[in-house]
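A.B. asks: Below you will find the structure I want to go over with you.
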Amino acid sequence: MEKTKPAIVYRYGRGAYVNLTNRCPTACSFCIKRRWEMDYRGNNLDLGGAEPSPAEISAALAREYAAAPFSELVFCGYGEPTMRFGELKELCRLLRAGAVQGVPAGLRVRLNTNGLAGLITGRDAAAELSGLVDSVHVSLNTPDPAAWLEIMRPAPQYAEKGFESVLAFVRSASSVMKETMVTAVELPGLDKGRFAALARELGAEPRFRPVLEEENGG
Ligand code: SF4
């Protein structure tokens, strides 16, 4: 089947989803992007290496909002949004400055992530998102460092410090965000009690997701 033009913004529920990148430092065992051939509900999310600029995304969001308003902007696609941390922040700044035509500057912004932004940027990335992002959902999936390696299958440079770095990201996000959720796909062997305790210890709320939830990405 011939693919449609890649979607840089796509709609799901009441949100507008930004497809910032296809790059990802993990290869999660549950990721649906290959099985679904980079398609999500009729949207082709395969950017083919042509990552959109904040200005292009801003224009696409303005068009979408004019066609039908949305109540949330979500960074989530078949890739880890914080691989383009600078562009992510730039787009949020445009929004907060009222520069995304027609879209309210105070619109709720959510980031779905695997939580590796600290290692990706080498900085306290969550703190830098303060005032730009309202809600962070971190896909941690297990309270156990060894299981994290098996489930998330990080690239070698993220393996050694990955798990601890995600915990630090969650802790920092919890102190600056209105909402910080730590999510787990309900894979066999998951200790939900331990997972929920860890999430709360980090200052976040736990959330469990069925294996094939109707939501893609991180
Ligand atoms: S589920 Fe998300 S974080 Fe995991 S490999 Fe797929 S795109 Fe990357």
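A.B. asks: Write out, first by first residue and then by second, each pair whose Cβ atoms fall under 9 Å of each other, whose residues are 6+ apart or on separate chains, and whose first residue, in the range 112-129, is in contact (Cβ under 8 Å) with a residue 40 or more places away in the chain while the second is among the acidic types (Asp, Glu) and not in a helix (DSSP H, G or I).
C.D. replies: Pairs that qualify, where the first residue is in contact (Cβ under 8 Å) with a residue 40 or more places away in the chain and the partner is among the acidic types (Asp, Glu) and not in a helix (DSSP H, G or I), are Asn112/Glu215; Thr113/Glu80; Asn114/Glu80; Leu116/Glu80; Ala117/Glu80; Gly118/Asp124; Ile120/Glu80.
A.B. asks: Oh, and also: Given the structure, is Arg23 out of contact with any strand residue (DSSP E or B) (no Cβ under 9 Å at 6 or more places or on another chain), part of a loop (DSSP other than H, G, I, E, B) and within 23 Å of Pro154 (Cα to Cα)?
C.D. replies: Here the answer is no, as Arg23 does not meet what is asked.
A.B. asks: Okay, moving on. Do we have any residue at all in the range 38-59 that's closer than 24 Å to Ala173 by Cβ, within 16 Å of the ligand (Cβ to nearest atom), not basic (Lys, Arg) and not in a loop (DSSP other than H, G, I, E, B)?
C.D. replies: There is no residue in the range 38-59 that is closer than 24 Å to Ala173 by Cβ, within 16 Å of the ligand (Cβ to nearest atom), not basic (Lys, Arg) and not in a loop (DSSP other than H, G, I, E, B).
Matching residues to (1) part of a helix (DSSP H, G or I); (2) β-branched (Val, Ile, Thr); (3) without any contact (Cβ under 8 Å) to a residue 60 or more places away in the chain:
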site	(1), (2), (3)
Arg171	yes, no, yes
Ser174	yes, no, yes
Val182	no, yes, yes
Leu187	no, no, no
Gly193	yes, no, yes
Arg200	yes, no, yes
Pro206	no, no, yes
Val211	no, yes, no
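A.B. asks: Going through the range 142-169 one residue at a time, which ones are farther than 16 Å from Gly118 by Cβ, touching a residue at least 24 places away in the same chain (Cβ under 8 Å) and within 16 Å of the ligand (Cβ to nearest atom)?
C.D. replies: Listed by number, the residues that qualify are Thr142, Ala147, Glu150, Ile151, Arg153.
A.B. asks: Please determine whether any residue of the range 20-31 is polar (S, T, N, Q), closer than 25 Å to Gly131 by Cα and in contact (Cβ under 8 Å) with a residue 60 or more places away in the chain.
C.D. replies: Checking the range 20-31: at least one residue is polar (S, T, N, Q), closer than 25 Å to Gly131 by Cα and in contact (Cβ under 8 Å) with a residue 60 or more places away in the chain.
A.B. asks: Which of the residues spanning the range 154-194 are closer than 26 Å to Gly122 by Cβ, surrounded by 14 or more Cβ atoms within 10 Å (Cβ to Cβ) and of a type in the set (A, V, I, L, M)?
C.D. replies: Of everything in the range 154-194, those that are closer than 26 Å to Gly122 by Cβ, surrounded by 14 or more Cβ atoms within 10 Å (Cβ to Cβ) and of a type in the set (A, V, I, L, M) turn out to be Ala159, Val166, Leu167, Ala168, Val170, Ala173, Val176, Met177, Met181, Val182.
A.B. asks: Also, quick follow-up: Taking the condition of being in a loop (DSSP other than H, G, I, E, B) and farther than 23 Å from Phe195 by Cα, how many residues in the range 111-133 meet it?
C.D. replies: Count: 8.
A.B. asks: Being touching a residue at least 24 places away in the same chain (Cβ under 8 Å) and out of contact with any Cys (no Cβ under 9 Å at 6 or more places or on another chain) is true for just one of Gly98, Gly106, Gly102. Which residue is that?
C.D. replies: Matching residue, one of Gly98, Gly106, Gly102: Gly102.
A.B. asks: Hey, another quick one. Within the group Phe85, Phe70, which residue is closer than 16 Å to Pro25 by Cβ, of a type in the set (Phe, Trp, Tyr) and not in a strand (DSSP E or B)?
C.D. replies: It is Phe85.
A.B. asks: Now, a different point. Step by step: first the residues of the range 64-95, then only those that are of a type in the set (D, E, K, R) and in contact (Cβ under 8 Å) with a residue 40 or more places away in the chain, then the one that is nearest to the ligand (Cβ to nearest atom). Which residue is that?
C.D. replies: Here the answer is Glu80.
A.B. asks: Same structure, new question: Specify the residue that is farthest from the ligand (Cβ to nearest atom); the eligible residues are those in the range 10-37 that are among the aromatic types (Phe, Trp, Tyr) and farther than 24 Å from Ile120 by Cβ.
C.D. replies: Tyr12
A.B. asks: Taking the range 25-57, which residues are at pLDDT 95 or above and crowded, with 20+ Cβ neighbours inside 10 Å?
C.D. replies: Result: Pro25, Thr26, Pro52, Pro54, Ile57.
The values are calculated or read from the model by the stated rules, or taken from the named source; none is laboratory data. What you see is a predicted model, and the numbers here were worked out from it, not measured in a lab. Positions of Cβ are backbone-derived with ideal geometry, glycine not excepted, and every protein chain shown enters the neighbour counts.
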